[in-house]
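J.: So that we are looking at the same thing, I have put the structure below in structure tokens.
The values are calculated or read from the model by the stated rules, or taken from the named source; none is laboratory data. A quick note: this is a predicted structure, and the numbers were derived from the prediction, not measured. Positions of Cβ are generated from backbone atoms using ideal geometry, with glycine treated the same way; all protein chains shown enter the neighbour counts. To get the accessible areas, we keep the full protein, side chains included, count just its heavy atoms, and leave off ligands, DNA and RNA. Shrake-Rupley method; radii C 1.70, N 1.55, O 1.52, S 1.80 Å.
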Amino acid sequence: MTESVEALRQRIQEELVASGKYDEISNLLKLKLIDSGWYDKVKSMAQVQASNEANPTFATLSKKLEPKAMEMVPEAVEREALIKIKQFLDSVVE
Amino acid sequence: MTNTQPSENGDSDMLTYRNISSSILENMFTPIIHEIIIESILNEQVLRSSYGTVDNPKYVEAGNPTRTDQTQDTQPATKKAKLDSGSSSTSTPTPHYTERDLGRLEFVTNGKDVFSNYKRKENGSANGATGSNGNHSAAGNGNGSDDYFKCLNCDRRIAGSRFASHIDRCLGGRTRK
């Protein structure tokens, strides 16, 4: 059962990419994040973290920053992206 | 496509709109965050190769040939901004400096900020010769009224407040009669 769920999830993801909607929603999301100031805040946070570490690596920084960055995402931006994704799902899911 | 039904208890095993939307959204956030992290690491590596770390900075000789010893540098020769001369900076460890340069934190090198303007200690407004037209060079030490500028046309030291009028006369082509 789990495998079929995963397979279905994978199919939906592939359909999203193939239709071009993934790029469209992703680009829109990035623009909204930049406009809201989230991008600059995370960039600043990453720069400070990298300068404070003796040997900054991608693994260590992503482990520390990813959860914080995800929490900092504005609700409005998240909501808007979810609406777009749901619109796509409505179009492909019976 | 197979039907997806909303689950009553939000069971993660079931494919729900919420689950799949969230996972797709998370997949979209991840490369954006990774891009930012990679950029910050690369920036930090570039900074460290030129200027050292924040705790262990590299001191660079401020070898500006247009500057004479008028500055009477009591400040240590600190990191040379690339904006000053446009040439690549050389890194030379100078262990004899006693005053720690906070350039990476405060962007102040030899009394200048990152835009090569002298940082005023009192009112914070930047003032200084940027050398954009090549006719003058900054020779002050960044303190209030002590901003003297050397006119490269006549090789005289001129106070900042009088520099504009001097340049007007010096380059204006007007002669004494």
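Yes/no per residue for (1) at pLDDT 85 or above; (2) open to solvent by 50 Å² or more (accessible area, probe 1.4 Å); (3) more than 10 Å from chain A (Cβ to nearest Cβ):
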{"position": "B:Met14", "(1), (2), (3)": "no, yes, no"}
{"position": "B:Tyr17", "(1), (2), (3)": "no, yes, no"}
{"position": "B:Ser23", "(1), (2), (3)": "yes, no, no"}
{"position": "B:Phe29", "(1), (2), (3)": "yes, no, no"}
{"position": "B:Leu42", "(1), (2), (3)": "yes, yes, no"}
{"position": "B:Leu47", "(1), (2), (3)": "yes, yes, no"}
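J.: Considering only residues that are under 11 Å from A:Met72 (Cβ atoms) and touching a helix residue (DSSP H, G or I) at 6+ places or on another chain (Cβ under 6 Å), look in segment A:39-50 and name the one that is surrounded by the most Cβ atoms within 10 Å (Cβ to Cβ).
T.: Once the filter is applied, the top-ranked residue is A:Val42.
J.: Now for a different question. Which residues, counting only those in segment A:76-91, are open to solvent by 20 Å² or more (accessible area, probe 1.4 Å) and in contact with a Ser or Thr (Cβ under 8 Å, 6 or more places away or on another chain)?
T.: A:Ala76, A:Leu82, A:Lys86
J.: Is segment A:11-21 home to any residue that is open to solvent by 70 Å² or more (accessible area, probe 1.4 Å) and at the interface with chain B (Cβ under 9 Å from one of its Cβ atoms)?
T.: yes
J.: Among the residues of segment A:1-59, how many are touching a residue at least 24 places away in the same chain (Cβ under 8 Å), of a type in the set (Ser, Thr, Tyr) and farther than 15 Å from A:Ile85 by Cβ?
T.: The total comes to 1.
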